[in-house]
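Take a look at the structure set out below.
Just so it is clear, none of the values below were taken in a lab; they were calculated from the coordinates. Quantities reported herein were computed from a predicted structural model and do not represent experimental measurements. Using ideal geometry, Cβ is built from the backbone for each residue, glycine included, and neighbour counts are taken over all protein chains shown.
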Amino acid sequence: MSAVNNTKFSLRPCTSDDISLVMDVNETTLPENYPLFFYEQILERYPDSFQLAYLEDDPKKIIGYIMWRIERGPSSFGLDYVKKAHLVSLAVLSEFRRIGVANALLERSMEIVTKYNISEYVLEVRVSNAGAIFLYEKLHRFERIRIIGHYYRDGEDAFYMASKYDLNGSYSFGSTGMTDNEIINYYKEKNQGYLCFRCEKCDSLFLKGLGFSFPGSVSPNDSTTLKCAQCENSFKIYEISQGTYDV
Ligand SMILES: CC(C)(COP(=O)(O)OP(=O)(O)OC[C@H]1O[C@@H](n2cnc3c(N)ncnc32)[C@H](O)[C@@H]1OP(=O)(O)O)[C@@H](O)C(=O)NCCC(=O)NCCS
Ligand SMILES: [Zn+2]
């Protein structure tokens, strides 16, 4: 299916035999872990939307997964009460990142869940998880609808993001979500403006996580520099932190 750096992967639906391998991927990539029955329930209720990525050369090697559930609730794009696909979890093993695995999982599963007659897709993501936010925003038209304070167990906030499944093409992407300035003002009002910073080169907005407990966030991977997840410009920490960005 895809061949970058000689890694070829394919996708298939999860089966009950795969769950323990999926749990291994989850536990090595995310702090949000679930008991076995949780996976079994998702698999039983929404079987084909639970997709796996595996190595073509070694089909038992699961390198990523995606899970959705279907729910009803108020629309993020209007006043209606609608059916939505809610992203439960998505992760790719770190050795297999940036070769399109998550994008392929999203594309395939977002198509599959349309059979439930959903009209939008929703998810929560750590505000500091710039890589995932870019993926959702740039490639799958998700917008940052609102911030959910202290959503994660370590205290970090989440963006609640939504993407409209737009059958008639009348929806204009970008017209609903929070703008960068609204996000900056939200944190300023809470006296937490220091959580926001912009890349000097491309002006992308980044948010610092509260706990640094999350390895996928933009928190520095060494003690001296931080890379912009959008343009790869390197920052010196003191330039962005004015003393508050504490590693
Ligand atoms: C987020 C995650 C799922 C992305 O998986 P992936 O397979 O590496 O993503 P893809 O290769 O499909 O990326 C597609 C595009 O998304 C964007 N993107 C993905 N990860 C990115 C990152 N770390 N920084 C910047 N952009 C990123 C890029 O535009 C990328 O295209 P490019 O590589 O051509 O620039 C993976 O990093 C991961 O498992 N992280 C830990 C778990 C997690 O954060 N899950 C999401 C929780 S809501
Ligand atoms: Zn940048």
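Charge dipole of the chain (Cα centre as origin; +1 on each Lys and Arg Cβ, -1 on each Asp and Glu Cβ, all else neutral): 380 debye, rounded to the nearest 20. Once the Cα atoms are used to define both axes, helix 101-112 deviates from the longest principal axis of the chain by about 60 degrees. If you add up the charges near S20, with Lys and Arg at +1 and Asp and Glu at -1, over every other residue whose beta carbon is less than 14 angstrom from its beta carbon, what do you get? Taking every other residue near S20 into account, the sum is -3.
Each of F77, F159 was scored by other Cβ atoms within 10 Å of its Cβ. Listed from fewest to most, they are F77, F159. Axis of helix 36-45 versus longest Cα principal axis of the chain: the two differ by about 60°, to the nearest ten degrees.
By the rule of a second cysteine Cβ within less than 4.7 angstrom, the chain holds isolated cysteines at C14, C196. With a Förster radius of 35 Å applied to the beta-carbon distance between C202 and E40, the computed FRET efficiency rounds to 0.20. Modelled spin-label separation between S16 and E189, with each label point placed 7 Å from Cα along the Cα-to-Cβ direction: 5.0 nm.
If you take the alpha carbon atoms of the chain and fit the smallest convex hull around them, that volume is 139 Å³ per residue.
For the pair L79 and E107, label points projected 7 Å from Cα toward Cβ lie 3.9 nm apart. Think of the stretch 2-190 as having a plus end and a minus end, set by charges on the Cβ of Lys, Arg, Asp and Glu; of P35, I66, L139, L139 sits farthest toward the positive end of this dipole. May I ask you to list the residues of the stretch 138-157 whose amide nitrogen lies under 16 Å from a point 7 Å from Cα along the Cα→beta-carbon direction of E182? Under 16 Å, as judged by backbone N against the label point of E182, lie 142-149 of the stretch 138-157.
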